[in-house]
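Structure first, then comments.
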Amino acid sequence: MKKSILSLILLISLTGCGQNPAPIPAQSQDITTPPVATTQTNQATVYMIKPDDNGIAANSIKVGCGDSAVPVTTTTISQYDGANPVASINAAILAIINMTANQFQAQNLQNPLGDQALSIQSVDQNGTQLVVHLSGQFSFGGVCEMPRVRAQIEETIKKAALPGNTYTIDWNGGGQTAWNKTFSLKD
């Protein structure tokens, strides 16, 4: 009998003396963790020109000489981040500069910017104010090409910037004034 009581005491002390027993594992469940939402992609919206469309194309903007600036989605070289206007503008401008002339030819869209010597130097942000530093030289093939090129760049920047952000373009270090003068018919 003493041996039984001693065995029982030993058994109780080894099992934790009144502690809850180890939990029984639950049946396996198929729990899928949803993917983390990200705003980064390698796609950007840029603007191409549809000649003689007069702003009729879906979501287009009428530009000088009766043309339309039409938004299209294209692949970018760098990451487009819809939550970061600096990254988004940089990616979108790089995409439109590097587009081939015939990429959207089947849709009767043109890229007059593709024939220009343009580069993006940087994009600076101070609160909601963005400064897009561009450099290069334009060689317009006529008066109608000026508003086409300007619309492509400015509408692409507007689309890439976050709502509430404003922007200016610094052209060849001369600021917004130099940008505006480039598209002026006055000397």
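Derivation of every value follows stated rules applied to the coordinates shown; laboratory data play no part. Keep in mind that this is a model prediction, so the values were computed, not measured. Please note: Cβ atoms are built from the backbone with ideal geometry, for glycine as well, and neighbour counts cover all protein chains shown.
Brief remarks follow.
- Efficiency of FRET between residue 124 and residue 77 - r from beta-carbon atoms, R0 22 angstrom, step 0.05: 0.60
- In sequence order, calculated HN-Hα J values of segment 167-172 (Karplus, 6.51, -1.76, 1.60; Hz; x Gly/Pro): 9, 10, 10, 9, 9, 6
- Calculated FRET value between residue 139 and residue 168, using beta carbons and R₀ = 22 Å, to 0.05: 0.40
- Counting Lys and Arg as +1 and Asp and Glu as -1 over every other residue whose Cβ lies under 13 Å from the Cβ of residue 72, the net charge comes to +1.
- With 0.36 nm allotted per residue and the present C-alpha distance subtracted, the residue 65-residue 100 stretch has 10.3 nm of extension available.
- Sorting 146, 48 from the fewest to the most surrounding beta carbons within 10 angstrom yields 146, 48.
- Near the amide H of residue 110, within less than 5 Å, lie the amide hydrogens of 49, 50, all on another chain or at least 5 residues away, with H placed in the peptide plane.
- Taking Lys and Arg as +1 and Asp and Glu as -1, the other residues whose beta-carbon sits under 15 Å from that of residue 50 total -3.
- The eigenvalues of the Cα gyration tensor, multiplied by 5 and square-rooted, give segment 56-187 an equivalent ellipsoid with semi-axes of 22, 19, 14 Å from largest to smallest.
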